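Read the structure below first, then the notes.
Derivation of every value follows stated rules applied to the coordinates shown; laboratory data play no part. Computed from a prediction, not measured in an experiment: that's the story for all the values here. Quick reminder, even Gly has a Cβ in these numbers, built from the backbone with ideal geometry, and neighbours come from all protein chains shown.
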Amino acid sequence: MPRMSVVDDLLALYASRGGEMYGGEPVTQLAHALQSAALAESEGADEALVAASLLHDVGHLVDKHADGAAAAGIDRQHEDVGAGYLSRWFRPAVTEPIRRHVAAKRCLVTTEPGYFETLSEASVISLKVQGGPMSADEARVFLAQPGADAALRVRKWDDLAKVQGKTTPDLAYYRRHLEAGLK
Ligand code: FE
């Protein structure tokens, strides 16, 4: 697929499938994606990291068996599905925070006092099927990786992007962020 048409296709994917609810949360997949991206931009993230925030859950949208999986105790590894899918077209600055945003949650639960208490009920349920909190050693290894900081930032925006009725820029606004993240 040509580089630019993948951006069109992704925008179309969110426009068509983004109306589905974000499992167990009071927002749709599209609203969750838009709020994540808006938070990233408001905190000065560069364009690739804004794109990563917008696309961090694309694995749920491209996986036909994602529905209700976490609630059923099944981990579909949407972070790997999403990052793998996008890696054909997007730079690691986009795909790697996506690949690590679940590990970032597992790390933060261990390393940041009070973080667990901020998680939504659905996120606590998925934490369990995703392997639960990291051990202290696992967290140390995770934090020592290049790119860990970007993954932690995407994770924090992800956690906050669950507000019913919040106003954000629309999908088309993020076209340039997506284009900036292409290889
Ligand atoms: Fe998310």
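Would you work out the relative contact order for the range 1-140, in percent, from Cα pairs under 8 angstrom that are 6 or more residues apart? Rounded, it is 20 percent for the range 1-140. Mind checking which aspartates and glutamates have their Cα closer than 19 Å to the Cα of residue 156? Skip sequence neighbours fewer than 8 apart in that chain. Cα-Cα hits under 19 Å: 25, 41, 43, 46, 47, 57, 79, 80, 96, 112, 117, 121.
Ranking 103, 42, 116 by how far each Cα lies toward the positive end of the dipole of the range 33-145 (charges on Cβ) leaves 103 at the top. Rounded to the nearest 20 debye, the dipole size of the range 114-183 about its Cα centre is 260 debye, using +1 on the Cβ of Lys and Arg and -1 on the Cβ of Asp and Glu. For the range 112-160, the calculated P(r) over all alpha carbon pairs, in 10 Å bins from 0 to the bin holding the longest distance, is 21, 57, 21, 0 percent. Rounded to the nearest 20 debye, the dipole magnitude of the chain is 300 debye, with +1 charges on Lys and Arg beta carbons, -1 on Asp and Glu beta carbons, and the Cα centre as origin. Each peptide in 94-104, 164-174 gets a packing score, the mean of other Cβ atoms within 10 Å over its residues, and the list from highest to lowest is 94-104, 164-174. So what's the gap between the Cα centers of the range 25-74 and the range 95-114, to the nearest angstrom? The range 25-74 and the range 95-114 have Cα centres spaced 14 Å from each other. Positive-end ranking of 134, 93, 73 along the dipole of the chain, with charges on Cβ about the Cα centre, is headed by 93.
For the chain, the longest principal axis of the alpha carbon atoms and the long axis of helix 3-17 meet at an angle near 70°. Here the residues 25, 79, ranked from fewest to most Cβ neighbours within 10 Å of their Cβ, fall in the order 25, 79. Over the range 70-131, what is the mean sequence separation of C-alpha contacts under 8 Å (at least six apart), divided by residue count, expressed as relative contact order in percent? Relative contact order comes out at 44 percent.
Please state, as a whole number in µm²/s, the translational diffusion coefficient that the Stokes-Einstein equation yields for the chain at 25 °C and 0.890 mPa s, with Rh defined as the Kirkwood radius across alpha carbon pairs. Taking Rh from Cα pairs, D becomes 151 µm²/s.
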